[in-house]
Structure formats: structure tokens, C-alpha cells
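A short worksheet on the structure shown next.
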Amino acid sequence: MHQTRKGQQWYFGMKAHVGVDSRSRLIYSVAATAANIVDSQVLPQLLHGNETQVWGDPAYRGQRAVIRACAPRARLATRAVMTLRIGL
């Protein structure tokens, strides 16, 4: 495990990256990385190729070429602040 700094805050540990179908809400891919790994580096492992839309935070804006290569029909949708609501 590694540590990373974001602003004035230090983080230590692991991050989970999850690919979820937005309609069925089923998880189809999961990747775990050390805290210092950039989120966008895991993107190819999360895409299965049949996506029509990819949601992510602003870090994914520069990843259009990766998304196009891994999921040719997908559109990228980003927001400044993402909120995930799961009705369980």
C-alpha cells in the first residue's frame, strides 16, 4: 500500500474502482489499486466494450481515446461533482 496527498490531506490505503451497469445496477467489473494510482489508469480494465455511456469525474475528460478504443459506442459523461445514489 502507498500513501498519496490530495490538497493538504494525506490518504493511505487502497481504492476500489467499480464498473456498474446504469440500468440494471449490476456490477460487472472491479479493480483494486493502491491509493497513489490515478483513477484513469484503471479505465481499460473497467470497460467491457458494450457500453453506450461512461460516467466519471473530471479526471476522465482526457481519456476519450481510451474510451473509444475500449468501448467504441460509448459517450463520456462527466460532472464536476458526482453523486451515486443506489436504491437498495
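For the chain, set up a GNM with springs between Cα atoms under 10 Å and report which of Leu46, Leu76, Leu26 has the largest fluctuation.
Largest GNM mean-square fluctuation: Leu26.
Per residue of the range 45-51, what does 6.51 cos²θ - 1.76 cosθ + 1.60 with θ = phi - 60° give for ³J(HN,Hα)? Whole Hz please, x for Gly and Pro, Karplus curve as stated.
6, 8, 8, 9, x, 9, 5
Quick one: which residues, 5+ away or cross-chain, put their amide H under 5 Å from the amide H of Ser29? H built at 1.01 Å from N.
Under 5 Å from the amide H of Ser29 lie the amide H atoms of Gly19, each far enough along the sequence or on another chain.
Please give the calculated 222 nm ellipticity per residue for the chain, where each DSSP H segment of at least 4 residues contributes -39500 (n - 2.57) and the sum is spread over every residue; nearest 500 deg cm²/dmol? Kindly include the intermediate steps, with their values, before the conclusion.
Values: 2 runs with 11 residues, N = 88.
About -2500 deg cm²/dmol.
Give me the base-10 log of I(q)/I(0) for the chain at each q in 0.24, 0.26 Å⁻¹, Debye formula, one uniform scatterer per Cα, rounded to two decimals.
-1.33, -1.42
In the range 1-85, what trypsin sites (Lys or Arg not before Pro) fall in a loop by DSSP, with at most 16 other Cβ atoms inside 10 Å?
Filter output for the range 1-85: Arg23, Arg25, Arg73, Arg79, Arg85.
Using θ = phi - 60° and the Karplus form 6.51 cos²θ - 1.76 cosθ + 1.60, what ³J(HN,Hα) does each residue of the range 10-18 get, whole Hz, x for Gly and Pro?
Rounded to whole hertz, the list is 9, 10, 9, x, 10, 10, 9, 10, 10.
Just so you know, all these numbers are worked out from the coordinates, no wet-lab data involved. Quick caveat: nothing in here was measured; it's all calculated off a predicted structure. Cβ coordinates were reconstructed from backbone atoms using ideal geometry, including for glycine residues, and neighbour counts include every protein chain displayed.
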